[in-house]
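Contents: one structure, followed by commentary.
The values are calculated or read from the model by the stated rules, or taken from the named source; none is laboratory data. Just so you know, these numbers come straight off a predicted model, no measurement behind them. Cβ placement follows ideal geometry from the backbone for every residue including glycine, while neighbour counts extend to all protein chains displayed. Remember, those area values only see protein heavy atoms, side chains included, never the ligands or the DNA or RNA. Shrake-Rupley method; radii C 1.70, N 1.55, O 1.52, S 1.80 Å.
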Amino acid sequence: MSSLLAAFVPIWILTAAGYLTARSGLLGEQAEAVLGRFVFHVAMPATLFTMLARTPLSSFASTAMIAFAAGTALVCALGLLAGRFLFHRPLADQAISGMTAGYVNSANLGIPVALQVLGDASFVAQVVLFQVLFVTPVILTLLDSGTTGLRRMLTMPIRNPIIIASALGALFSATHLHLPAALTHSCDLLGAAAVPTALVTLGISLHGRGTGQRLTPEVGVAVLLKTLAQPLIALAAATLLLHLPPHQLLAVVLCSALPTAQNAFIYARQYNLSTTLARDSVMFSTLASMGTLSLIYGTLGPTHH
């Protein structure tokens with residue numbers, strides 16, 4: 001429990017720092033919008049490029065990833081369908097519904113949790129690759145098709161900095177190209193700003209929202225899909241279909257139970273959609289995952305092998 005707590009505390013501190021910054025008025029009324037654009041257009045592309053450029057693309061091709069991908073795909077689809085049929089949201093908001101349900105916080109939370117609980121972050125690296133290379137383009141395509149015309153949607157891959165950076169990173173990885181050291185270091189510095197700035201932006205968004213966070217039916221469905229349905233589906237696929245060994249089983253289920261990534265909030269913000277579902281899902285799923293991650297480790301951890 002202490003290991004999990006150590007991984008969660010920085011998230012809460014940076015989010016609280018954003019809230020206090022907004023409350024003080026230090027950065028002005030446009031802080032949320034400006035910082036959100038900085039994360040989406042500058043910092044996040046830098047971190048995605050450097051991560052992909054340094055990672056062999058073959059690393060995500062494993063049996064364990066099949067179980068994780070099955071849970072992610074099914075839960076994202078369920079989230080999208082819930083947005084459409086239960087809450088009657090337009091297509092772009094449906095994409096955010098799917099993302100809040102199935103896109104895990106694999107980087108800033110998944111890596112420390114994996115290091116503390118699993119002993120290494122090798123499987124989390126595969127999860128990051130899968131989400132960047134497969135899930136993100138689908139989400140962004142749905143967002144573009146739901147908010148722009150056909151022409152802009154077709155040109156999205158050459159306009160969207162997230163997809164451009166990911167494609168360049170994959171190209172550098174596949175061809176074993178390397179940037180000069182000065183450029184690589186610059187990308188590292190920019191990329192290091194992505195997660196803390198996103199969390200501060202999330203905290204800023206919490207200020208001045210009236211009653212604050214409310215567990216509405218829509219948020220409740222997203223949180224249940226994220227923290228309960230996704231790890232259970234991954235567990236079923238890993239045990240009933242793939243018969244994974246215990247250490248792989250723990251890695252798959254643990255990563256599937258990670259809370260919603262703050263990327264969902266950043267994307268909703270960037271596309272001028274309501275950020276309420278994404279913001280509240282990030283907060284509530286992060287709180288709930290403290291319990292679910294502890295339960296998973298207590299049930300599937302080394303003492304139970």
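The magnitude of the dipole of the stretch 178-305, with charges of +1 and -1 set on the Cβ of Lys/Arg and Asp/Glu and taken from the Cα centre, is near 240 debye.
Classify the stretch 1-121 as rounded, prolate or oblate, taking a ≥ b ≥ c as the square roots of the eigenvalues of its Cα gyration tensor: rounded when a/c is under 1.5, otherwise prolate if a/b is larger than b/c and oblate if not. Before the final figure, lay out the partial values.
Numbers: a/c = 1.60, a/b = 1.14, b/c = 1.40.
Here the stretch 1-121 falls in the oblate category.
Surface analysis of the chain yields an accessible area of 45 Å² per residue, using protein heavy atoms and a 1.4 Å probe.
Taking the mean number of other Cβ atoms within 10 Å as a proxy for protection, how do you rank 231-244, 267-280 from highest to lowest? Please list the in-between numbers first.
Details: 231-244: 18.4, 267-280: 21.8.
Most protected by this proxy first, the peptides run 267-280, 231-244.
Dipole magnitude for the chain: computed about the Cα centre from +1 point charges on Lys and Arg Cβ and -1 point charges on Asp and Glu Cβ, it is near 440 debye. Normalised by the number of residues in the chain, the mean separation of alpha-carbon contacts (under 8 Å, six or more apart) gives a relative contact order of 33 percent. Name the shape class, rounded, prolate or oblate, that the alpha-carbon gyration tensor gives for the stretch 175-305, where a ≥ b ≥ c are the square roots of its eigenvalues, rounded holds for a/c under 1.5, and otherwise prolate holds if a/b is larger than b/c and oblate otherwise. Judged from the Cα gyration tensor, the stretch 175-305 comes out oblate (a/c at least 1.5, b/c at or above a/b). Note on the chain: with neighbouring protein chains present and a 1.4 Å probe, carbon and sulfur make up 69 percent of its accessible heavy-atom surface. Of the options 223, 289, 260, report the single residue whose Cα projects farthest towards the positive end of the charge dipole of the stretch 173-292 (beta-carbon charges: Lys, Arg +1; Asp, Glu -1). Most positive-ward Cα: 223.
Taking only DSSP H segments of four or more residues, each worth -39500 (n - 2.57), what value at 222 nm results for the chain once the sum is divided by all its residues, to the nearest 500 deg cm²/dmol? Don't skip to the answer; put the middle values down first.
Details: 18 runs with 209 residues, N = 305.
So the calculated ellipticity at 222 nm is -21000 deg cm²/dmol.
Normalized C-alpha radius of gyration of the chain, against 2.2 N^0.38 Å? It would help to have the intermediate numbers written out before the result.
Details: Rg = 18.5 Å, N = 305, 2.2 N^0.38 = 19.3 Å.
For the chain, the normalised Cα radius of gyration comes out at 0.96.
FRET efficiency for the residue 164 to residue 224 pair, using the beta carbon distance and R₀ = 51 Å, is estimated at 0.90.
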